[in-house]
Amino acid sequence: EKRDLILAFESSCDETSVAVIENGKRILANVVATQINSQKRFGGVVPEVASRHHIEQITICLADAMQRAQITYDDLSAVAVTYGPGLVGALLVGVTAAKAVAFAHHLPLIPVNHMAGHIYAARFAGEIKFPALALLVSGGHTELVYLPKVNCYQIIGETRDDAAGEAYDKVGRVMGIPYPAGKQIDELAHQGKDTFNFPRAMLNEENFDFSFSGLKSAFINTVHHAEQLHQELDQADLAASFQQSVIEVLIGKTAKALKKYFVKQLILAGGVAANTGLRTAFTQTMQQFPQVDFLQAPLNLCGDNAAMIGAAGYVAWKGGQRADLNLNAVPSLEF
Ligand code: KG4
Ligand code: ZN
């Protein structure tokens, strides 16, 4: 088999990452420098702080990735980069670095949508079969994407307000859990029970859209009300109740879409796809759809990383997609 190596850059939010991917499916290097520790004290990502971190880290990550992959620039077939959606200043660091490498080494430049990248994180768990449906759950997005064929993405439903990860992080703030709160709430949820019965928004509506702001408000109101009455609420039960509501809505809407769209595969991806409760519940639900293959992004590749950009970049490159040196960051890029 011919060996095609893609160098990939990701810098859309708070991780600086550079990867080298062989034939779109094998990771030779995936260096991720996270800024979570510097962003924690702000309770979220401060765009200006993010950009500065990316500038400091990107060349270090690049040198590290090239060394770990044990390759030279002459071995590369193309350079892939996330150009949106994300923070404009953050994206520009990766885009500029990718352009510099592509220009200096006469390599094609492949523009990659960050959300397509999240879908292709699942490529490291198995082959993607079309037509497919993907549930993308991250800090900035919650959407159901229909993929009729390779390099073709159609959003069939999305959140009307907060993303699922955003709801986790906002609820975490009220509970005194540091940003990003998803993993800790997930762990806490396993020690509690769904005693609060928070709302399951839009579950019975005839569309594939989501809403999480009502759940977030119900949660915050419950906590504030208890504070006023000097009542102690069980933190584990709070977490379990919140998580159960999120899981039921995500699964209910996805199951509804699976009944309308004939697909060979369901893909679960994005930062929130690392949620163990969600993974378990999906695995169970998918037994009701024996004709649909279920592919989850590997746990360690659910969060932002350049390996997934390299995998999506590989199929985009094979499909003839190219950018020139005028490529710009597109903060609100859609499919
Ligand atoms: O995909 P991602 O790394 O960044 C974006 O593109 O947004 O997603 C980050 C989000 C954060 O909101 C974080 O709290 C959430 O994913 N997250 C989780 C878990 N791990 C990370 N949410 C729920 N359960 C988890 N285990
Ligand atoms: Zn992401």
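Bear in mind these aren't lab numbers, they're just calculated from the coordinates by the rules spelled out. This one's a predicted model, so the numbers in the text were calculated from it and none came from an experiment. Glycine also receives a Cβ, built like all others from the backbone with ideal geometry; neighbour counts cover every protein chain displayed.
Restriction of the trypsin sites (Lys or Arg not before Pro) in segment 3-54 to DSSP coil positions whose beta-carbon has at most 12 other beta-carbons within 10 angstrom yields R3, R41.
Bridging of K256 to lysines at a Cα separation below 19 Å is possible for K264, once same-chain residues fewer than 8 apart are set aside. Counting only Cβ charges, +1 for Lys and Arg and -1 for Asp and Glu, the dipole size of segment 245-334 around its Cα centre is about 340 debye. Here D74, D14, D162, D4 are placed in order of increasing Cβ neighbour count within 10 Å, fewest first, which gives D74, D4, D162, D14.
The Cβ shell under 9 Å around L109 holds other residues with a net charge of +1, Lys and Arg each +1, Asp and Glu each -1. The chymotrypsin sites (Phe, Trp or Tyr not before Pro) of segment 30-103 that meet both conditions, a loop assignment by DSSP and at most 16 other Cβ atoms within 10 Å of the site Cβ, are F42.
Output the antiparallel fraction of DSSP beta bridges having both residues in segment 126-296, as a percent to the nearest 5. Taking every DSSP beta bridge with both residues in segment 126-296, the antiparallel ones total about 50 percent.
Treating r as the C-beta distance of I220 and K193 and R0 as 22 Å, the FRET efficiency rounds to 0.60. The HN-Hα couplings worked out from phi for segment 318-332 by the Karplus form 6.51 cos²θ - 1.76 cosθ + 1.60 (θ = phi - 60°) are 4, x, x, 6, 9, 10, 10, 6, 7, 3, 10, 6, 10, x, 10 Hz, whole numbers, x standing for Gly and Pro.
Taking Cα atoms only, the orientation of helix 47-69 departs from the longest principal axis of the chain by about 50 degrees. The angle between the Cα long axis of helix 213-228 and the main principal axis of the chain comes to about 50°, on a 0 to 90 degree scale. Once the Cα atoms are used to define both axes, helix 276-285 deviates from the longest principal axis of the chain by about 90 degrees. For segment 69-155, the list of trypsin sites (Lys or Arg not before Pro) that fall in a loop by DSSP and count at most 12 other C-beta atoms within 10 angstrom reads K149. Each Lys or Arg adds one and each Asp or Glu subtracts one; over the other residues with Cβ under 13 Å from the Cβ of D293, this totals +1.
Phi angles of segment 201-211 translate, via the Karplus equation with coefficients 6.51, -1.76, 1.60 and θ = phi - 60°, into HN-Hα couplings of 6, 6, 4, 9, 8, 7, 8, 10, 8, 10, 8 Hz per residue; Gly and Pro are given as x. For I155, the residues 5 or more places off, or on other chains, whose built amide H falls under 5 Å of its own are Y146. Close amide H contacts of V330 (hydrogens built in the peptide plane, cut-off under 5 Å, sequence separation of 5 or more or a different chain): G84.
Scalar couplings 3J(HN,Hα) for segment 170-175, obtained by applying the Karplus form with A = 6.51, B = -1.76, C = 1.60 to θ = phi - 60°, are 6, 5, x, 4, 5, 8 Hz; x denotes Gly and Pro.
Using just its DSSP H runs of length 4 or more, each adding -39500 (n - 2.57), the chain gives a mean residue ellipticity at 222 nm of -13000 deg cm²/dmol after division by all residues. When both bridge partners sit in the chain, DSSP labels roughly 55% of those beta bridges antiparallel.
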